[in-house]
Amino acid sequence: MAHKLTTCTFCGVGCGLYLETLGNQVVGVYPSMSHPTNRGRICVRGWHAHEVASSPDRLRSPLLRKNGQLQEVTWDEALGFIVTRLKEIRDRYGPDSLAFLNSPRCSNEESYLLQKLARAVIGTNNVDHGGGVYCNNSINVLLDMLGVAATTNSVGELSQSEVIFVDGVDLASQLPTIGGVVIRAKLHGAKLVVIDTRRHRIAEHANFFLQLKPGTEAMLYGAMAKVILDRGLMNLPFIMAHCRGYEAFLQNVRDYDLLAAAEGCGVRAELIEAAALAYAQARSAAILYSTGIEARDVETVEAIVNLALLTGQIGKEGAGIFALTEHNNLQGVCDMGMLPNRLPGYRLVTNDAARAEVEAVWKTKLPDVAGLTTRHLLAEQGHADLRAAWLCRYDPVRTAFLGDAAAMLQQCELVVVQHLFWTDTARFAHVVLPTTAFGEERVTFTSTERRIQLAEQVIDPLPGTLPAWQQLALVARGLGADWRYDSAADVMDEIGTVVPFYSGASYDNLAHEYGRQWPCTKDHPLGTRFLYSEGIPERAFTFRPAAGRPQAPAARWDYPLTLVFGHSMYYWHQNVMIQHSETLKREYRILLLDYPEGFVEISSDDAKRLGVRDGEKIRLHTICGSAVTAARVTPEMRSGTVFVPYFVRQVQQQIRGSMDNGVQSVPVRVEKEAD
Ligand code: SF4
């Protein structure tokens with residue numbers, strides 16, 4: 001038997017694990033005891049990570065649509081067809097008639113080459129990743145206020161935090177390894193503050209559980225800032241040395257009223273005060289929030305960063321801001337420039353000097369107008385001029401918030417799908433390209449703590465498949481680009497020349513220890529455990545006062561409850577990797593036995609008032625439509641709030657429909673449905 005250290009590719013924690021191989025088969029998985037993030041622990045998904053590669057459902061040959069049917073063809077025929085059609089469509093309709101979208105599960109190398117193909121070869125900034133709908137708030141605020149779009153500190157440091165805030169992320173089910181670190185820190189004396197509408201497992205361990213009304217998070221953080229200011233607990237030396245915008249922030253917070261905020265948020269004033277004092281008085285305090293579907297709005301992320309700046313909880317061990325990524329490479333795909341308005345390294349496409357830096361490496365002119373987001377391209381009637389879509393490991397037809405994706409893809413003259421498996425989206429493809437799987441290729445991913453890690457090749461690729469990055473390079477060459485990459489390591493070498501904070505991240509360097517946390521530069525090849533550890537530049541940070549003092553959303557008499565969306569344990573069932581792992585598929589089917597057609601969670605109080613019992617049918621009405629589903633009656637929900645798990649797409653599509661990007665809560669009326 002052989003054993004090789006690699007990286008779990010299920011979620012953004014990026015646990016270190018070993019793959020055990022016998023011949024050309026992965027026969028087992030076990031955790032790395034010394035990996036600094038997971039230290040001997042992995043979750044149920046990690047234990048079965050190897051089953052995906054051996055799934056009998058893998059695609060084994062390129063497919064090309066002929067006479068309306070997808071048929072197996074050679075690689076030469078499939079790639080030749082793509083090259084011809086891309087040229088024709090670009091020449092006939094212009095570069096912005098094409099879009100290049102990927103999943104936040106794609107490797108750094110394939111993400112980098114996909115956006116380079118779009119920008120440097122085709123000439124469009126229509127590039128985006130599937131997590132874009134939810135995570136861009138966080139990216140923009142962190143860049144604006146801290147200058148860095150990432151988690152500031154390391155997961156392992158949470159064991160030294162004196163106070164940990166967990167805001168809106170169900171760690172136990174979504175990022176279990178981090179959940180374990182937080183609970184152990186609590187057991188060793190850290191104070192745990194949980195802020196959420198739902199009482200999930202981590203809330204059971206909290207010193208202070210602030211179960212607030214949805215949409216009032218910014219108000220809650222503003223009230224905490226007011227408490228800190230009133231008690232004189234702000235860190236003035238830190239603020240004066242490192243921050244701008246303090247005066248305007250003071251103006252904004254000065255007339256906050258704790259009691260009014262407590263009423264608006266539905267949280268007792270004493271709890272808000274206790275949480276604020278704990279945070280401000282701690283030597284090191286960290287705030288964890290989600291960049292996934294539960295992601296906070298712009299005002300809330302700004303309020304979180306304001307609180308950290310006010311108390312100087314940045315730039316020291318065990319403190320900081322943790323913008324948690326649930327998908328395994330959401331951080332990496334953003335770093336690589338899979339954003340319609342940002343080039344690799346977060347350079348704005350509209351900034352001439354920034355664009356010129358990338359043009360110098362790629363030796364071509366780049367488009368200077370921001371592209372369209374996934375949502376603009378595929379939802380809300382879509383982009384009428386869209387003629388071709390390239391989808392790398394991405395299945396938008398299964399995405400709840402892109403109700404129009406199927407119709408938009410159907411109108412395209414070319415849809416290219418790269419994937420391991422047949423997907424709902426592949427039904428609309430003109431070409432399907434089978435990719436290699438975890439364990440079959442050597443590529444990198446960047447975890448939620450900025451850790452760039454190798455996922456190692458331990459077995460030969462399935463015959464008939466090719467690495468996605470190689471497919472992209474072959475198409476670019478067919479289109480006349482001089483792309484010469486013999487391996488994914490060559491791609492990473494180029495990434496190092498384009499993305500300054502990856503400049504030291506060669507494969508040779510990443511193969512040591514457990515990858516490197518960016519910034520990983522030639523001068524600092526060992527990487528950076530926490531940001532600003534070598535000193536914070538003067539005036540590096542910026543307070544952002546809310547444009548207007550946040551108000552609690554007004555209740556409507558005709559829609560008296562509030563609907564919120566988010567992940568649940570059941571969501572895993574819909575993950576493409578779970579669906580093709582024999583053990584995990586079985587486990588998650590069992591979870592769904594009680595609610596085979598999905599459910600929404602409703603509080604015991606509301607259920608009693610409506611005369612609804614667990615498992616009974618209820619109808620949800622919003623201004624966009626209505627949907628029927630089963631009620632899961634639970635004391636975990638706050639009264640007045642209804643929760644729709646992400647996996648219940650049918651319900652979301654029917655009731656959320658064309659709502660604006662970033663809307664996280666919706667007024668709703670609930671009625672018992674007659675049998
Ligand atoms: S916590 Fe995430 S990275 Fe770690 S084993 Fe589980 S799925 Fe894999």
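Can you show me the helix-derived [θ] at 222 nm for the chain, built from DSSP H runs with n ≥ 4 at -39,500 (n - 2.57) apiece and divided by the number of residues, rounded to the nearest 500.
Mean residue ellipticity at 222 nm (helix-derived): -9000 deg cm²/dmol.
Within the chain, what percent of beta bridges assigned by DSSP are antiparallel, to the nearest 5?
Within the chain, antiparallel bridges account for around 50 percent of the total.
Relative to 2.2 N^0.38 Å, what does the C-alpha radius of gyration of segment 120-247 come to as a ratio? Two decimals please.
1.29
Compute the acute angle (0 to 90°) between the alpha-carbon long axis of helix 298-311 and the principal axis of greatest extent of the alpha-carbon atoms of the chain; round to the nearest 10°.
That helix lies at roughly 60 degrees to the long axis.
Using DSSP to call loops (not H, G, I, E or B), can you name the trypsin sites (Lys or Arg not before Pro) in segment 441-498 whose Cβ has at most 10 other Cβ atoms within 10 angstrom?
Sites meeting the loop and neighbour criteria: R484.
Placing unit charges on C-beta atoms (Lys and Arg positive, Asp and Glu negative, everything else neutral), compute the dipole magnitude of segment 103-201 about its Cα centre in debye, rounded to 20.
Charge dipole of segment 103-201: 280 debye, to the nearest 20.
Could you work out how far helix 488-498 tilts from the main Cα principal axis of the chain, as a 0 to 90 degree angle to the nearest 10?
On a 0 to 90 degree scale, this one is about 60.
Compare the peptides 210-219, 163-172 by average per-residue count of other Cβ atoms within 10 angstrom and give them in order, highest first.
163-172, 210-219
If one computes P(r) from the Cα atoms of segment 394-519, what percent of pairs lie at distances over 18 Å?
In whole percent, the share of Cα-Cα pairs in segment 394-519 beyond 18 Å is 64.
Given the options P340, G312, V358, identify the residue whose Cα lies farthest towards the positive end of the charge dipole of segment 299-373 (+1 on Cβ of Lys, Arg; -1 on Cβ of Asp, Glu).
Farthest towards the positive end: V358.
Work out the length of the dipole vector of the chain about its Cα centre, built from +1 on the beta-carbon of each Lys and Arg and -1 on the beta-carbon of each Asp and Glu, and round it to the nearest 20 debye.
Taking the Cα centre of the chain as origin, the dipole is about 400 debye.
Rounded to whole Å and sorted largest first, list the principal axis extents of the Cα atoms in the chain.
For the chain, the Cα extents along the three principal axes come out at 69, 67, 54 Å.
Got a number for carbon plus sulfur as a percent of segment 1-104's accessible area, 1.4 Å probe?
That fraction is 50 percent.
Using the Cα centre of segment 465-552 as origin and beta-carbon charges of +1 (Lys, Arg) and -1 (Asp, Glu), tell me which of G527, F541, A505 is placed farthest towards the positive end of the dipole.
Looking along the dipole axis, the top candidate is F541.
Among the GluC sites (Glu not before Pro) in segment 584-648, which ones are in a DSSP loop with at most 13 other Cβ atoms within 10 Å of the Cβ? Mind listing them?
For GluC sites (Glu not before Pro) across segment 584-648 that sit outside H, G, I, E and B with at most 13 neighbouring Cβ atoms in 10 Å, the list reads E597.
Roughly how tilted is helix 132-145, in degrees to the nearest 10 and between 0 and 90, from the longest Cα axis of the chain?
60 degrees
Might you tell me the accessible area per residue for segment 301-373, computed with a 1.4 Å probe and given in Å²?
Accessible area per residue: 28 Å².
Enumerate the amide H contacts of R342 below 5 Å, restricted to partners 5 or more residues apart or on another chain; note that Pro and chain-start residues carry no placed amide H.
Under 5 Å from the amide H of R342 lie the amide H atoms of V349, each far enough along the sequence or on another chain.
So which trypsin sites (Lys or Arg not before Pro) in segment 21-90 end up in coil per DSSP with only 14 or fewer other C-beta atoms within 10 Å?
Within segment 21-90, the qualifying trypsin sites (Lys or Arg not before Pro) (loop, at most 14 other Cβ atoms within 10 Å) are R60.
First measure r as the distance between the Cβ atoms of V361 and E534, then evaluate 1/(1 + (r/R0)^6) with R0 = 22 Å and state the FRET efficiency to the nearest 0.05.
0.20
Report M240's accessible area, 1.4 Å probe, all protein chains in place, as a number in Å² to the nearest 10.
Using a 1.4 Å probe on the heavy atoms, I get roughly 100 Å².
Mind listing the long-range amide H neighbours of M637? Cut-off is under 5 Å, sequence gap 5 or more, other chains count too, H placed in the peptide plane at 1.01 Å from N.
For M637, whose amide H was placed from the backbone, the distant partners under 5 Å are R199, S604.
Put +1 on the Cβ of every Lys and Arg and -1 on every Asp and Glu Cβ in the chain; which of F428, C624, A468 then has its Cα farthest towards the positive end of the dipole?
Going by the Cα projections, it comes out as C624.
Got a sec to turn the phi values of segment 475-480 into Karplus ³J(HN,Hα) couplings, 6.51 cos²θ - 1.76 cosθ + 1.60 with θ = phi - 60°, whole Hz, x for Gly and Pro?
Calculated HN-Hα couplings, in order: 5, 4, 5, x, 8, x Hz.
Could you calculate the contour length gain from V44 to H205, that is, 0.36 nm times the residue separation minus the distance between their Cα atoms, to one decimal place in nm?
Taking V44 through H205 to full extension adds about 55.8 nm, to one decimal.
Please work out how much length the chain gains when fully extended from L143 to R268, using 0.36 nm per residue of separation minus the C-alpha to C-alpha distance, in nm with one decimal.
Gain in length upon complete extension: 41.7 nm.
Tabulate in residue order the Karplus-calculated ³J(HN,Hα) for segment 525-531, using 6.51 cos²θ - 1.76 cosθ + 1.60 with θ = phi - 60°, rounded to whole Hz; enter x for Gly and Pro.
Once θ is set to phi - 60°, the couplings for segment 525-531 become x, 7, x, 9, 5, 9, 5 Hz.
What is the sum of charges around R85, taking Lys and Arg as +1, Asp and Glu as -1, for the other residues whose C-beta is under 13 Å from the C-beta of R85?
Working: positive: R65, K87, R90, R92, R387; negative: E77, E88, D91, E413.
Summing Lys and Arg as +1 and Asp and Glu as -1 gives +1.
Determine the dipole magnitude for segment 568-639: charges of +1 sit on the beta-carbon of Lys and Arg, -1 on that of Asp and Glu, nothing else is charged, the reference point is the Cα centre, and the result goes in debye to the nearest 20.
Rounded to the nearest 20 debye, it is 140 debye.
The values are calculated or read from the model by the stated rules, or taken from the named source; none is laboratory data. As the structure is a computational prediction, the values presented were derived from the model and not from experiment. Glycine also receives a Cβ, built like all others from the backbone with ideal geometry; neighbour counts cover every protein chain displayed. Accessible surface areas use protein heavy atoms only, side chains included; no ligands, DNA or RNA. Shrake-Rupley method; radii C 1.70, N 1.55, O 1.52, S 1.80 Å.
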